[in-house]
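Rule-based calculations on the coordinates, nothing more; no lab input. A quick note: this is a predicted structure, and the numbers were derived from the prediction, not measured. With ideal geometry, Cβ positions are generated from the backbone for all residues, glycine too; neighbour counts draw on all protein chains shown.
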Amino acid sequence: GIGEVKLARGLCYKRRASIGPLGDYPIPDEVDFGLWSGPAPFTDPKLTRQRFHYDWHWQRHYGNGDSGNQGPHQTDIARWGLGMDRHPNSVIAYGGRLGYQAERKDDKYVDAGDTANTEVAIYDYGDKTMVFETRGLSVDDSADEELNKLFRSTRGNKIGVVWYGSNGYLVQVSYTHCIAYDKDMNVIKEFKGGGDHFGNFIDACLSRKVETLNADAWQGHLSAALAHLANISYYLGEKNNMSADQARQVLSQIKSHDDNAATLDRTLKHLTDNGVDLAKYPISVGPFLRFDPEKEVFPANPEATALISRQYRAGFVCPKAGEV
């Protein structure tokens, strides 16, 4: 086997182009915008993005960026592999919505999205660590030699998970393919195939036997929460811009089984390779937030705790668990 596993790294290296300039765009005639908005704040009605469908992912009124879009697919698997059946003890995230000015060669360009297109989150589980990395800029051939070897590909577009063991690695290279390596990158074993998750869910609905589910709703909650925890840190620190040296100093204080500085450096290189002038457009570093896994609050940060939920609009209020 790969020995004792202390670190899992989830990757969402997936190109996400600008969604167009911030503006005032028509809402499709066939859309009931109030109903579509649901519990989110009702904006006049006003649409500030060019494409109505899908691009809501990149506006925080409605979506969570790729941390909450692609992210839970990988963080769920990463958490499963770490054997963590609970929330993390803490989180810190850094990144930004960067690079679109360079792509357009227009320093005044304002993209309509307001979620991060580059984000790294570090989750502490006590004796284990999870890291999730999002990269939305151009992901052509990768210079990350270790990841290229682990994924058997120089393609920069990588979606998957790496577990780091004392004797080797396990890599989820696709949704249906995993490879176990020893420390010398010799293949120990390959695993192919996947479960019929949709079929399993439908079967459980038809039988009314929750115990037949591959994973119950609680597992989904644990994995989905990871995206929100990261974004809470990022949003609270959005105006906390830092140079590379300043960010490196902050991250040097963060307990982790990852090399925090190396991950930061790889992330910054990705940005500069895409033309980002970090002196003009620095990354933001969110606060380090301790989390109470049982009470689901940030004990020392009421502002962060307030972001765990949101103000629901009348007619779309989500009842508390005790009210159901």
Centre separation in Å (Cα based) which lies between segment 135-152 and segment 164-184: 16 Å
Mark the label point 7 Å from the Cα of Q50 along Cα→Cβ and return the residues of segment 1-41 whose backbone N is within less than 14 Å of it. 17-26
For the chain, size of Cβ-based charge dipole, Lys and Arg +1, Asp and Glu -1, in debye: 80 debye
Here FRET efficiency (C-beta to C-beta, C318 to T154, R₀ 51 Å, nearest 0.05) is 0.70
Determine, from the Cβ-Cβ distance of H228 and L35 and an R0 of 25 Å, the FRET efficiency 1/(1 + (r/R0)^6), rounded to the nearest 0.05. 0.55
If eta is 1.306 mPa s and T is 10 °C, what Stokes-Einstein diffusion coefficient results for segment 132-175, Kirkwood Rh from Cα pairs, in µm²/s? 142 µm²/s
Can you classify the chain as rounded, prolate or oblate using the Cα gyration tensor, where a ≥ b ≥ c are the square roots of its eigenvalues, rounded means a/c under 1.5, and otherwise it's prolate if a/b beats b/c and oblate if not? rounded
With each run of n ≥ 4 DSSP H residues scored as -39500 (n - 2.57), what mean residue ellipticity at 222 nm is computed for the chain after dividing by its residue count and rounding to the nearest 500 deg cm²/dmol? -8000 deg cm²/dmol
Excluding residues fewer than 8 places away in the same chain, name every one of the lysines whose C-alpha is closer than 18 Å to that of K255. K6, K128
Taking the Cα centre of segment 168-324 as the origin, how large is its charge dipole in debye, to the nearest 20, when only Lys and Arg (+1) and Asp and Glu (-1) carry charge on their Cβ atoms? 320 debye
Anyone know which of V171, V31, V162 comes out most mobile in the 10 Å Cα GNM of the chain? V31
Could you calculate the contour length gain from F191 to R310, that is, 0.36 nm times the residue separation minus the distance between their Cα atoms, to one decimal place in nm? 38.7 nm
Rounded, prolate or oblate (a/c below 1.5 giving rounded, otherwise prolate when a/b exceeds b/c) for segment 175-267 by Cα gyration tensor: oblate
Under a crude label model (7 Å from the Cα following the beta-carbon direction), how far is D203 from D292 in nanometres? 4.1 nm
Anyone know which of N167, N241, N69 comes out most mobile in the 10 Å Cα GNM of the chain? N167
Contour minus Cα-Cα span, E4 to W80, at 0.36 nm per residue, comes to 25.9 nm
